[in-house]
Amino acid sequence: MSKLGSIGARLHRGEVGYDFVGNRKIWYGISILITITAILGLTVRGLNMGIEFQGGAAFTTPKHMSASVSQAEKYAQDASGHDAVVQKLGDGSLRIQIAGIDTDKSDSIKTQLAKDLNVSSENIAADLVGPSWGDQIANKAWEGLAIFMVLVVIYLAIAFEWRMALAALVALIHDITITIGIYALVGFEVTPGTVIGLLTILGYSLYDTVVVFDSLKEQTKDITKQTRWTYSDIANRSINGTLVRSINTTVVALLPVGALLFIGGGFLGAGVLNDISLSLFVGLAAGAYSSIFIATPLVADLKEAEPQMKALKKRVLAKRAQAAAQGDQPEPEATDRSDDDYDEPEDAAAVVGPRTQPASRNRGRGRPSGKRR
């Protein structure tokens, strides 16, 4: 078995682990700092909306143009009076996008571009997008996002419970805010491909979150019938038990997306890949982070506000204090116990015997078989 596989197996069995839930205030602070930075970037710089959202025109030149991208940008800005985005396509032609212009001015801009680029105006193709159509696209995108979130909350509330649905919703908003903020800071153009990428990463984020929630739901059945583990202890074990799976799926997803973003969009200059690849790359990373560091710790906070869980936590801490007063080692953390510990009776005599060791640690001693229970 590989080293990573061995670590994953030990994490799943609870032999090793990291206290994610116990350090949740650190993760909350980091997320708040990143979110504030993203909101500031969005407020100060704003989004670079493509012509699909604010209207404009896109001109495509003939193949194998001698003019460079920078020259075409200057020509387009001089002809329109607006900023232009120029991309060199694989066949050597140039795609010049000018947002925020009236469509009735497209003919004069096209004529001036043909003159500057020394080509016939008939050889330049023009695609026009009206501002009203762009508004419709933007509104549909927001409506789709809102419907998606409502359906997610309803599904999670039915499949799990409302606290998990609320935590998943907070994690999704966290991921969306960070992704949009990065777009504002980087200045990449927002296109329909960006929206597609955004909706895609929400699915990935939910996948990791639901995997942890499913493990947590299974392990917290009849949790109040024992006095060894708090809800936070078991939530921490659920994170550790699925940690390697989450890392593997995230890395495998990030590798091809990173190739699109850094190799395709960066080295090869295929700028059309940037809009969707950046949203996927940032969203996948943020989704994996929020599933581990935000969603599950938040569920633990919400659950331990319940009277039953408060009483359970009080009993668990009292039992551990009693064991420490008798000279025993403290009860192991949630990452050090076996799955069958939940079947132990709540009777104190069955948990802590008259000897100096807890009864659960003495089971099987003196028996020929040495079988553990």
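The values are calculated or read from the model by the stated rules, or taken from the named source; none is laboratory data. Since the structure is predicted, the reported quantities are computational estimates derived from the model, not experimental observations. A quick note on method: Cβ atoms are made from the backbone with ideal geometry, for glycine too, and the neighbour counts reach across all protein chains shown. Calculation scope for accessible area: heavy atoms of the full protein, side chains included, ligands and nucleic acids excluded. Shrake-Rupley method; radii C 1.70, N 1.55, O 1.52, S 1.80 Å.
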**Request:** Looking only at the stretch 174-181, decide whether some residue is touching a residue at least 40 places away in the same chain (Cβ under 8 Å), touching a strand residue (DSSP E or B) at 6+ places or on another chain (Cβ under 9 Å) and open to solvent by 10 Å² or more (accessible area, probe 1.4 Å).
**Result:** yes
**Request:** Sort out which residues of the stretch 303-329 are surrounded by fewer than 16 Cβ atoms within 10 Å (Cβ to Cβ), modelled with pLDDT of 55 or more and assigned to a loop (DSSP other than H, G, I, E, B), and write them in order of number.
**Result:** ALA305, GLU306, GLN326, GLY327
**Asked** Filtering the stretch 17-69 down to residues that are touching a Pro at 6+ places or on another chain (Cβ under 8 Å) and of a type in the set (Phe, Trp, Tyr), which residue is farthest from GLY287 (Cα to Cα)?
**Response** PHE20
**Complete:** When the stretch 196-208 is checked residue by residue, the ones that are open to solvent by 40 Å² or more (accessible area, probe 1.4 Å) and within 20 Å of MET49 (Cα to Cα) are ILE196, LEU199, THR200
**Odd one out for ILE32, checked against (1) of a type in the set (A, V, I, L, M); (2) under 30 Å from ASP233 (Cα atoms); (3) touching a Lys or Arg at 6+ places or on another chain (Cβ under 9 Å)** = (3)
**Message:** Please go through (1) in a helix (DSSP H, G or I); (2) at pLDDT below 80; (3) of a type in the set (Ser, Thr, Tyr) for SER66 and return the number of the only condition it doesn't satisfy.
**Reply:** (1)
**Request:** Would you confirm whether any residue within the stretch 219-242 is out of contact with any helix residue (DSSP H, G or I) (no Cβ under 8 Å at 6 or more places or on another chain), acidic (Asp, Glu) and open to solvent by 40 Å² or more (accessible area, probe 1.4 Å)?
**Result:** no
**Request:** Considering only the stretch 19-62, state which residues are of a type in the set (Phe, Trp, Tyr) and under 23 Å from the mean Cα position of the chain (by Cα).
**Result:** PHE20, TRP27, TYR28
**Message:** Looking only at the stretch 39-80, count every residue that is touching a residue at least 40 places away in the same chain (Cβ under 8 Å) and surrounded by 15 or more Cβ atoms within 10 Å (Cβ to Cβ) and tell me the total.
**Reply:** 23
**Request:** Check whether at least one residue in the stretch 330-340 is at pLDDT 85 or above, on the phi < 0 side of the Ramachandran plot, open to solvent by 30 Å² or more (accessible area, probe 1.4 Å) and not hydroxyl-bearing (Ser, Thr, Tyr), and report yes or no.
**Result:** no
